[in-house]
There are 2 protein chains.
Amino acid sequence: MLNFTVGPVMSSDAVRAIGAEQVPYFRTAEFSELMLENESLIKKFAHATDDSRAVFMTCSGSGGMECAIMNCLSKKDKALVVNGGSFGERFVELLKLHEIPFTEIKLEPGKALKPEHLSAYEGKGYTTFLLQKHETSTGVHYDINLVSDFCKRNGCFLIVDAVSTFLCDPFDMSTLNVGVMITGSQKALACSPGIAIMVLAPLALKRIENIKCNCQYLDLKLALKNQERGQTPWTPAVSVLRQINVRLKEIDAAGGDKVEIEHVACMANYFRNKIKEHNLPFEIISESLSNAVTPLHPTTQSANEIFLKIKDEYGIWICPNGGEMKDTVFRVGHIGYLTESDYDCLINAFLDLRDKKFI
Amino acid sequence: MLNFTVGPVMSSDAVRAIGAEQVPYFRTAEFSELMLENESLIKKFAHATDDSRAVFMTCSGSGGMECAIMNCLSKKDKALVVNGGSFGERFVELLKLHEIPFTEIKLEPGKALKPEHLSAYEGKGYTTFLLQKHETSTGVHYDINLVSDFCKRNGCFLIVDAVSTFLCDPFDMSTLNVGVMITGSQKALACSPGIAIMVLAPLALKRIENIKCNCQYLDLKLALKNQERGQTPWTPAVSVLRQINVRLKEIDAAGGDKVEIEHVACMANYFRNKIKEHNLPFEIISESLSNAVTPLHPTTQSANEIFLKIKDEYGIWICPNGGEMKDTVFRVGHIGYLTESDYDCLINAFLDLRDKKFI
């Protein structure tokens, strides 16, 4: 099957070869070394400062989002959160559950974040800001510079869910003064799912030190303490961490995050041009696209029916949407081990469906 | 490398082949079917009642332990917990963190649980009991019948950490009236680490319904709701769940849990007999052994030095102990894809070390 979803995605042969190996015992100097190398390379690609840290949690990206909130925020905070889709909604649910006072900036699906959305909150004592850099559910890539500037002016601690944009769109954690960046193993890192990665700036480390986390499993104090020697408090997804190591070194050898981002951008542009070239009956629904994914509204057929048809008859996964957008939106991802010829297969399937009057 | 630790352990070729495959997209009917099959087979091997449920959480076994406490216990409970090693200690830490009133039954490392340890707590209003069926750190297999009988007499809800004993020693969840059983993907299931499995009896389901879980990621209400259709609330460790499916079906085809337990017992007996036969300078430190592991005190050399020597010079992992037992105890596991000839390799390495006067 060809996989154009936004995770899990296709993996390189080297990454898959790790999946086939026996999983090694991990309380060893050898595994510690690998984990410290992972930390160093992730920090490099996130453009984190030297005194930042990175930890690898065995959980989903959503687990990483909750982990950031439980370890870095308290009831004394006053949070601003952008809610423009199901991941923004998840931040809102988490702030409610953990009783963090917050104000929600609700955006319509597909809409970009603009200066006027923030102006009302200037100088109002907000202490923290939570943002999906890329709202994966609708494919909207928010203006992180706008949010970063707001945070700098207002002294806000900035938590960025970069799960599906990391290594897809430019991101400089130190210039943007981001406190926490979250990503996952199964997005542009193109490994198996199971690991959330958290990069923590010194401001985050200070908050973590002073806040009591009410979940031992997600306690970043314990994760940070163990990661000092390249270890984890609990048995981690060892195989995924080894895949991440291979992949980070692959990216580094090929020229780093910049080159990887260019590759994802190339795939996105190739696909988007083909859609236009063939005048396929799909409308791009996002005002501000990430390189990671193209969100499409099919104008002649249910999105979910297209997803099922392409899966069952062409052996290709595109990414369905859930909830209210189930029939109106599907997405095509540009992350993972994909080539132009893979996109040609997908485009040919669409053309075939048009010939058959299915779309 | 040959791996005799207690997890991650050696996997079968079929399980490793899954690790080499591209990870499929999972919001599909195909993946749902696999997950429902996993639930059904796990319930079968745990001897759970038909109206029990099983869920698969992307976290470590320790995450599963915390999950059980956060979802099934409240401040109104009065818990008894056996603490005879580092996993018992973890239950104690978790009860403290989540403010569940409790009494600790502290046992010396290696010591069995006996009726006199429980007699003082009869009729004292305890509502719940937490037990490692097998305290992995010291290799003590506690008398679950003793605890089950106590719980039946006293109306206690019973939470069993079976992480390292499931499929190694007989366990009948319904006869024992166990409320929650926890295990992990990387023990006798011999898959990659990353998944904790929770089997939940109707009594547990009722508790979960009435208790607010203060962590969304570990919320069993959400996990149960999604598992009704074979799904998970967050992206799970898909690859590990597919490995678990292959492995559960392997076990089922070979005759089920009873046959698997016999195999592990055979491996344990083979190794233990060889140790005696060759009069190796190791003392078994547990009063009550599980088939899963043999905990050994070497009388002529530091346990950690033996672990390092065997790793670096013979390409074999045995399982080191941490903390106070670092130099006094190592363990040899009997779970995973191991044969008698693998144990012959290990025994030959020990014999060679004795010839060289290292032990």
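The values are calculated or read from the model by the stated rules, or taken from the named source; none is laboratory data. Everything numeric here is computed off the predicted structure, so don't read it as measured data. All Cβ positions, glycine included, derive from the backbone under ideal geometry; neighbour counts span all protein chains shown. Just the protein is used for accessible areas: all its heavy atoms, side chains included, with ligands, DNA and RNA removed. Shrake-Rupley method; radii C 1.70, N 1.55, O 1.52, S 1.80 Å.
Mind checking whether some residue in the stretch A:295-304 is under 26 Å from the mean Cα position of the chain (by Cα), on the phi > 0 side of the Ramachandran plot and not hydrophobic (A, V, I, L, M, F, W, C)? Spell out the reasoning first.
Of the residues in the stretch A:295-304, the ones under 26 Å from the mean Cα position of the chain (by Cα) are A:295-298, A:303-304.
Now restrict to residues that are on the phi > 0 side of the Ramachandran plot: none.
No, there is no match, as no residue in the stretch A:295-304 is under 26 Å from the mean Cα position of the chain (by Cα), on the phi > 0 side of the Ramachandran plot and not hydrophobic (A, V, I, L, M, F, W, C).
Only one of A:Arg27, A:Arg16 is facing chain B (nearest Cβ under 8 Å), in a helix (DSSP H, G or I) and charged (D, E, K, R); which?
On the way: A:Arg27 fails: in a helix (DSSP H, G or I).
It is A:Arg16.
Residues in the stretch B:269-298 that are in contact with a Cys (Cβ under 9 Å, 6 or more places away or on another chain) and closer than 20 Å to B:Asp172 by Cβ: 3 in all. Of all the criteria given as (1) under 19 Å from B:Ser11 (Cα atoms); (2) within 14 Å of chain A (Cβ to nearest Cβ), the one not satisfied by B:Cys266 is (2). Within the stretch B:233-247, restricting attention to residues that are open to solvent by less than 10 Å² (accessible area, probe 1.4 Å) and either touching a Lys or Arg at 6+ places or on another chain (Cβ under 9 Å) or in a loop (DSSP other than H, G, I, E, B) (or both), the residue that is farthest from the other protein chains (Cβ to nearest Cβ) is B:Gln243.
Within the group A:Asn210, A:Asn214, A:Asn226, which residue is closer than 27 Å to B:Ile195 by Cα, free of Cβ contacts under 8 Å to residues at least 24 places away in the same chain and either of a type in the set (Asp, Glu) or open to solvent by 10 Å² or more (accessible area, probe 1.4 Å) (or both)? Before you say what the answer is, go through the steps one by one.
Numbers: A:Asn210 fails: closer than 27 Å to B:Ile195 by Cα; A:Asn214 fails: free of Cβ contacts under 8 Å to residues at least 24 places away in the same chain.
None of the other options fit; the residue is A:Asn226.
The criterion of at least 3 residues that are open to solvent by less than 40 Å² (accessible area, probe 1.4 Å) and touching a helix residue (DSSP H, G or I) at 6+ places or on another chain (Cβ under 9 Å) is met by the following strands (runs of 3 or more DSSP E) wholly inside the stretch A:41-119: A:53-57, A:79-83. Count of the stretch B:260-271 residues, restricted to those that are among the charged types (D, E, K, R) and surrounded by fewer than 17 Cβ atoms within 10 Å (Cβ to Cβ), is 1.
Here's the yes/no breakdown for (1) open to solvent by 20 Å² or more (accessible area, probe 1.4 Å); (2) within 14 Å of chain A (Cβ to nearest Cβ):
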{"position": "B:Ala292", "(1), (2)": "no, no"}
{"position": "B:Pro298", "(1), (2)": "no, no"}
{"position": "B:Ser302", "(1), (2)": "yes, no"}
{"position": "B:Ile316", "(1), (2)": "no, yes"}
{"position": "B:Gly333", "(1), (2)": "no, yes"}
{"position": "B:Phe350", "(1), (2)": "no, no"}
{"position": "B:Leu353", "(1), (2)": "no, no"}
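For the stretch B:106-139, how many residues are under 24 Å from B:Phe166 (Cα atoms) and of a type in the set (Gly, Ala, Ser)? Of the residues in that region, 4 qualify. For the stretch B:134-162, enumerate the residues that are among the aromatic types (Phe, Trp, Tyr) and in contact with a helix residue (DSSP H, G or I) (Cβ under 7 Å, 6 or more places away or on another chain). Scanning the stretch B:134-162 gives B:Phe150, B:Phe157. When the stretch A:335-344 is limited to residues that are part of a helix (DSSP H, G or I) and out of contact with any strand residue (DSSP E or B) (no Cβ under 6 Å at 6 or more places or on another chain), the one that is least open to solvent (accessible area, probe 1.4 Å) turns out to be A:Tyr343. Counting the residues of the stretch A:22-37 that are touching a residue at least 24 places away in the same chain (Cβ under 8 Å) and acidic (Asp, Glu) gives 2.
When the stretch A:1-13 is filtered for residues that are over 16 Å from the mean Cα position of the chain (by Cα), buried (at least 16 other Cβ atoms within 10 Å of the Cβ) and at the interface with another protein chain (Cβ under 8 Å from one of its Cβ atoms), the ones remaining, listed by number, are A:Asn3, A:Ser11.
The residues on offer are B:Ser74, B:Ser86, B:Ser52, B:Ser40, and the sole one that is without any contact (Cβ under 8 Å) to a residue 24 or more places away in the chain and farther than 30 Å from A:Ala190 by Cβ is B:Ser40.
For the stretch A:318-327, the set of residues classified as more than 10 Å from chain B (Cβ to nearest Cβ), free of Cβ contacts under 8 Å to residues at least 40 places away in the same chain and surrounded by 14 or more Cβ atoms within 10 Å (Cβ to Cβ) consists of A:Lys326, A:Asp327, listed by residue number. Would it be correct to say that B:Cys67 is under 21 Å from the mean Cα position of the chain (by Cα), farther than 15 Å from B:Phe166 by Cα, within 14 Å of another protein chain (Cβ to nearest Cβ) and modelled with pLDDT of 95 or more? Yes: the conditions hold for B:Cys67.
Annotation note: of B:Phe129, B:Phe91, the sole residue that is touching a residue at least 40 places away in the same chain (Cβ under 8 Å) and closer than 30 Å to A:Ser185 by Cβ is B:Phe91.
Residue pairs whose Cβ atoms lie under 6 Å apart, sitting 6 or more positions apart in sequence or on different chains, and linking a residue in the stretch A:334-359 that is touching a residue at least 12 places away in the same chain (Cβ under 8 Å) and farther than 28 Å from A:Asp13 by Cα to a partner that is open to solvent by less than 70 Å² (accessible area, probe 1.4 Å) and assigned to a loop (DSSP other than H, G, I, E, B), are A:Leu353/A:Ile359; A:Ile359/A:Pro281; A:Ile359/A:Gln301. The lone criterion from (1) within 22 Å of A:Lys356 (Cα to Cα); (2) assigned to a strand (DSSP E or B) left unmet by A:Pro295 is number (1). Say whether the condition of being open to solvent by 10 Å² or more (accessible area, probe 1.4 Å), in a helix (DSSP H, G or I) and more than 30 Å from A:Val23 (Cβ to Cβ) is met by at least one residue in the stretch A:277-289. Yes, the stretch A:277-289 contains at least one residue that is open to solvent by 10 Å² or more (accessible area, probe 1.4 Å), in a helix (DSSP H, G or I) and more than 30 Å from A:Val23 (Cβ to Cβ).
Taking B:Lys133 as the residue in question, decide whether it is at pLDDT 95 or above, within 28 Å of A:Leu218 (Cα to Cα), away from chain A (no Cβ under 13 Å) and crowded, with 20+ Cβ neighbours inside 10 Å. The answer is yes for B:Lys133. Just so you know, in the stretch A:248-259 the residues that are assigned to a helix (DSSP H, G or I), open to solvent by 30 Å² or more (accessible area, probe 1.4 Å) and touching a helix residue (DSSP H, G or I) at 6+ places or on another chain (Cβ under 8 Å) include one that is nearest to the other protein chains (Cβ to nearest Cβ), and it is A:Glu250.
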